[in-house]
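Student: This is the structure I want to talk about, given as structure tokens.
The values are calculated or read from the model by the stated rules, or taken from the named source; none is laboratory data. This is a predicted model, so every value here is computed, not measured. As a convention, Cβ positions derive from the backbone with ideal geometry for all residues, glycine included, and neighbour counts pool all protein chains shown.
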Amino acid sequence: MQNIISGLNQAHEHVPGKKRKLIGDRGDFFLNRMQGETGVNISACYQCERCTNACPVSHFMDIKPHQAIRYVQLGWREDLLKSSTIWICLSCEMCTTYCPNEVDVAEIIHHLRNMAVHSSITPKEKSLAVFHQTFLEVLRKSGRINELRLMNAYYLKPDILHERIKNNILKEDLLLGMALLRKGRLKLFTPKFRAIKEIKKAYSQTRGEIV
């Protein structure tokens, strides 16, 4: 039996273009780090896949929610930060709601997204990554989100406006904005949040800054 397994491993290693990944080769460092930073008991996941079945956008993801948790357990950090999953996630928390062991899957993906923002890894979904960063910047400045201010800041980011014009998305954005404005759902101005200092402090702390 041992000879058979050895032969299969050797055959796998010689498959052209296929890179072999070793399970457990990185230890528990990344798992322990994620559990410590998020307070989520990631080890409790036993891969029942209920999180993936509950996710409304899982079919758009390259790494499904249950797989993302498994990747954390295995220490495959780079694969996660390079994935489209962390940007496609809607943060609807359906995955967390349906987990039988109360593993906060949404919090894990959100934390991975923030890690990707502060890493040197090029995001797979650039436009979504830029929107996420712009959202945080606007929130930090005013303490609340004004949709017009948010979209204006987003369009001013490098290549974003050109990309949306090229993909015929800008017209749809403008029509949606006009419809919301007519229905009174879009405010031109919003006052700054009174607790703006607390918002800025929390933002700085998440970035690891001393405040």
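Student: Of (1) in the same structural domain as Glu78 (by TED's automatic domain parsing); (2) at pLDDT below 90, Asn101 satisfies all except one. Which?
Tutor: Status for Asn101: all satisfied but (2).
Student: Where the second residue is surrounded by fewer than 18 Cβ atoms within 10 Å (Cβ to Cβ) and of a type outside the set (A, V, I, L, M) and the first is within 14 Å of Ala106 (Cα to Cα) and assigned by TED's automatic domain parsing to the domain that holds Glu102 and lies in the stretch 45-64, which pairs have Cβ atoms under 6 Å and are six or more apart or on separate chains?
Tutor: Note: pairs meeting the criteria are Arg50/Tyr98; Ala54/Tyr98.
Student: I'm trying to understand the selection: among the residues of the stretch 158-183, which are of a type in the set (Lys, Arg), under 26 Å from Lys126 (Cα atoms) and over 24 Å from the mean Cα position of the chain (by Cα)? Let's see the steps before the verdict.
Tutor: Start the filter on the stretch 158-183 by keeping residues that are of a type in the set (Lys, Arg), which leaves 164, 166, 171, 182-183.
With the extra rule that they be under 26 Å from Lys126 (Cα atoms), the set shrinks to 164, 166, 171.
Lys166, Lys171 - these are the residues of the stretch 158-183 that are of a type in the set (Lys, Arg), under 26 Å from Lys126 (Cα atoms) and over 24 Å from the mean Cα position of the chain (by Cα).
Student: Here's something else I'd like to know. What residue, of Gly17, Gly7, Gly75, Gly27, is modelled with pLDDT under 95 and touching a Phe, Trp or Tyr at 6+ places or on another chain (Cβ under 7 Å)? Before you say what the answer is, go through the steps one by one.
Tutor: On the way: Gly17 fails: touching a Phe, Trp or Tyr at 6+ places or on another chain (Cβ under 7 Å); Gly7 fails: touching a Phe, Trp or Tyr at 6+ places or on another chain (Cβ under 7 Å); Gly27 fails: touching a Phe, Trp or Tyr at 6+ places or on another chain (Cβ under 7 Å).
Selected residue: Gly75, the only one of Gly17, Gly7, Gly75, Gly27 that is modelled with pLDDT under 95 and touching a Phe, Trp or Tyr at 6+ places or on another chain (Cβ under 7 Å).
Student: Then there's this: Out of (1) aliphatic (A, V, I, L, M); (2) within 26 Å of Glu125 (Cβ to Cβ); (3) at pLDDT 85 or above, the odd one out for Leu186 is which?
Tutor: Only one criterion in (1) aliphatic (A, V, I, L, M); (2) within 26 Å of Glu125 (Cβ to Cβ); (3) at pLDDT 85 or above is unmet by Leu186, namely (3).
Student: What is the residue count in the stretch 38-73 for residues that are part of a helix (DSSP H, G or I), surrounded by 13 or more Cβ atoms within 10 Å (Cβ to Cβ) and of a type outside the set (A, V, I, L, M, F, W, C)?
Tutor: So the count comes out to 12.
Student: Please go through the stretch 74-121 and pick out each residue that is free of Cβ contacts under 8 Å to residues at least 24 places away in the same chain and in contact with a Pro (Cβ under 9 Å, 6 or more places away or on another chain).
Tutor: Of everything in the stretch 74-121, those that are free of Cβ contacts under 8 Å to residues at least 24 places away in the same chain and in contact with a Pro (Cβ under 9 Å, 6 or more places away or on another chain) turn out to be Ala106, Val117.
Student: Mind counting the residues in the stretch 167-186 that are surrounded by 13 or more Cβ atoms within 10 Å (Cβ to Cβ) and part of a loop (DSSP other than H, G, I, E, B)?
Tutor: Residues in the stretch 167-186 being surrounded by 13 or more Cβ atoms within 10 Å (Cβ to Cβ) and part of a loop (DSSP other than H, G, I, E, B): 1 in total.
Student: On to the next question. Mind counting the residues in the stretch 138-155 that are polar (S, T, N, Q) and not in a helix (DSSP H, G or I)?
Tutor: Within the stretch 138-155, the first condition is being polar (S, T, N, Q), and the residues that meet it are 142, 146, 152.
Next, from what is left, pick out any that are not in a helix (DSSP H, G or I): 146.
Total satisfying the criteria: 1.
Student: Follow-up question, since we're still on this one. Which ones in the stretch 85-121 are under 8 Å from the mean Cα position of the chain (by Cα) and assigned to a loop (DSSP other than H, G, I, E, B)?
Tutor: Passing the criteria: only Cys89.
Student: Of the residues that make up the stretch 126-137, is at least one outside any helix (DSSP H, G or I), surrounded by 11 or more Cβ atoms within 10 Å (Cβ to Cβ) and under 24 Å from the mean Cα position of the chain (by Cα)?
Tutor: So in the stretch 126-137, the residues outside any helix (DSSP H, G or I) come out as none.
Looking through the stretch 126-137, none of the residues is outside any helix (DSSP H, G or I), surrounded by 11 or more Cβ atoms within 10 Å (Cβ to Cβ) and under 24 Å from the mean Cα position of the chain (by Cα).
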